[in-house]
Amino acid sequence: MHLTASETKRSVRTMCRRFGISRAAFYKAAKARSRKEINEELILALVRQEREVNPCAGTKKVLVAIRPELRKAGFNIGKNRLNDLLKREGLLVEPRKVFRCRTTKQDPSLVPSPNIVKDMKLTAPDQALCSDITYIYTEEGFVYLSLVMDMFAKDIVGWAMSDTLETEAGPLAALKMAAKTVGPGKEVVAHSDRGCQYGSHAYRALLEALGWKSSMTEELHCYENGMAERLNGILKGEYFLDRHFKTKAEARRAVEEAIWIYNHRRLHEKLGYKTPAAFRAEWKEVA
């Protein structure tokens, strides 16, 4: 049934009289409800936009990411209210599986380096790097991703993909990329697990040529390389590198995209909710 304008006015007047409120208060509340709905639509649009890049970002990181746009629009929202809104709309991120380390198999012929980083107090980028290797499944066979991350700035400074676990194609290539990123003249500690690649003559020779020190896990193995292990988990869990790829070329494109997003779009709580790239850039300006 369609109400005429006069009938609508009478119904509003009747309802206000019934509940003991003025018509001015009714229209003010209606306007506030309308403004709230518009605000929530904008918030949800910004959240969905951020989730396209960082699909597993939690409520707090999403809020930090969208807050500049919210301020431009002239309003803000707290974490609890945003969490309630995301819950209502089914946009909360499901908890990730608990991370568990797997012990690295040690080459019995390897003489490991001591764990230097466990006693280091990092105060700047380019002081200590951590490295690890993870695998990615494709229908054309496994590929292996070697990663090097700065332990202070949290950015990925070197990486390489290879069809085998050979030192030259994976860890050594990633280390060479890291050396270019860090630049010459730095006293860097390169930390890793006890994998035979990191204890090889070729890997140790490059470290020596760079003037870098070798550091390796000792008793607890992967727990002493937990930062690198967590990086593997983030790339696989948040950026879906754990899915099955059709081709190795497809996997490589996904890796390149994931690493770029991780460095340039993923906010880190320990970096003051900055991305690793922004944190490093700000650090260079201060230095």
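Any read-out appearing in this document is the output of simple, stated calculations on the displayed coordinates, not a laboratory observation. Given the structure is predicted, the values throughout are model-derived calculations rather than measurements. Cβ: placed from backbone, ideal geometry, glycine included. Neighbour counts: every protein chain shown.
The aspartates and glutamates whose alpha-carbon is closer than 16 Å to the alpha-carbon of Lys270, local same-chain residues fewer than 8 away aside, are Asp150, Asp155, Glu282.
If a/c stays under 1.5 just call it rounded; otherwise compare a/b with b/c (prolate if a/b is bigger, oblate if not). Do that for the range 177-228, with a ≥ b ≥ c from the square roots of the Cα gyration tensor eigenvalues.
Here the range 177-228 falls in the prolate category.
Of Lys121/Lys154; Lys180/Lys213; Lys60/Lys176, which sit over 26 Å apart, Cα to Cα? Checking Cα-Cα distances, Lys60/Lys176 exceed 26 Å. In plain terms, the residue of Asp150, Asp155 with the fewest other Cβ atoms within 10 Å comes first and the most crowded comes last, giving Asp155, Asp150. If you find the alpha carbon centre of the range 44-87 and of the range 179-205, how far apart are they in angstrom? That distance is 40 Å. Ranking Tyr203, Ala277, Gly185 by Cα position along the charge dipole of the range 139-287, where only Lys, Arg, Asp and Glu carry charges on their C-beta atoms, puts Ala277 farthest toward the positive end.
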